[in-house]
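Every number in this text was worked out from the coordinates using simple rules, so none of it is lab data. A quick note: this is a predicted structure, and the numbers were derived from the prediction, not measured. Here the Cβ positions follow ideal geometry from the backbone for every residue, glycine too, while neighbour counts run over all protein chains shown.
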Amino acid sequence: MSLELYTIGHSTHSLAQFLDLLVQHRISAICDVRSAPYSRLHPQFNHEPLRKELARHHTAYVFLGEELGARSSDPSCYEVGKVQYDRLAATDAFRQGIERVKKGIQRYRVALMCAEKDPLACHRTILVCRHLKAPEVSIRHILGDGSIEPHEVSERRLLKLLGVEQDDLFQDFRELLERAYDLQGQRIAYTIPMEVSRESHETYENGE
């Protein structure tokens, strides 16, 4: 059985524009994979107003930011204050989130939602979709203009973006792709702001 999974970034869309994109692609459920389901610059995408508006348009909403968000609350997922995607992906919470998405796409037309406009600039693609890829799952990214970028095209674009080219007959394409995912993961992974790191260190030193 062939299954479909979509992704979308709310970007700077108005709520009406965002809803139009969902209608255009017949999305029936949103999986919010933002670590914090709020936007200071775009409050129309804050958790509660978004959930209510989606319900008015008969679209289900589930928050999976704790399981699939890019800002892990698990200290073991960090190195020098920066999230390591491989460690995050190995956590029980992440695996449970992945399983929930897999079950969800059997019943709904699901779109993973985060903030970034470009799929390659977002963990929804570089982290989450990397672990949802399967022969029976067709992943499609909804772009800002409403067009679709198939995940295979996104991967080719990722290789080109990072200059990871298959210029050797004996290089394995899958290995190159995994390397590209790793490189982009390091580029976009969340890093704890220096001020927060300093405060955490001082709290620790003070025994709090």
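Could you tell me which of rounded, prolate or oblate describes the range 118-183, using a ≥ b ≥ c as the square roots of the eigenvalues of the alpha-carbon gyration tensor, with rounded for a/c under 1.5 and, failing that, prolate when a/b is larger than b/c and oblate otherwise? Walk me through the numbers on the way to the answer.
Working: a/c = 1.88, a/b = 1.58, b/c = 1.19.
Prolate, since a/c reaches 1.5 and a/b exceeds b/c.
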Taking residue 103 as the anchor, which lysines have their alpha carbon closer than 25 Å to its alpha carbon, excluding any fewer than eight residues away along the same chain?
52, 133
Alpha-carbon Debye profile of the chain, log10 I(q)/I(0) at 0.12, 0.15, 0.16, 0.17 Å⁻¹
-0.65, -0.98, -1.10, -1.21
GluC sites (Glu not before Pro), restricted to the range 68-118: which are DSSP loop and have at most 14 other Cβ atoms within 10 Å?
none
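Below 8 Å between Cα atoms, with a sequence gap of 6+, how large is the relative contact order for the chain in percent?
Working: 282 pairs, mean separation 61.0, N = 208.
Averaging sequence separation for qualifying contacts and normalising by length gives 29 percent for the chain.
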Return the loop-located trypsin sites (Lys or Arg not before Pro) in the range 34-132 (DSSP other than H, G, I, E, B) with at most 12 other Cβ atoms within 10 Å of their own Cβ; answer none if there are none.
40, 107
Rounded to the nearest 0.05, what FRET efficiency do residue 179 and residue 55 have when you use their Cβ-Cβ distance and R0 = 41 Å?
0.45
What value, in deg cm²/dmol to 500, does the helix sum -39500 (n - 2.57) over DSSP H runs of n ≥ 4 give at 222 nm once divided by the residues of the chain?
-11500 deg cm²/dmol
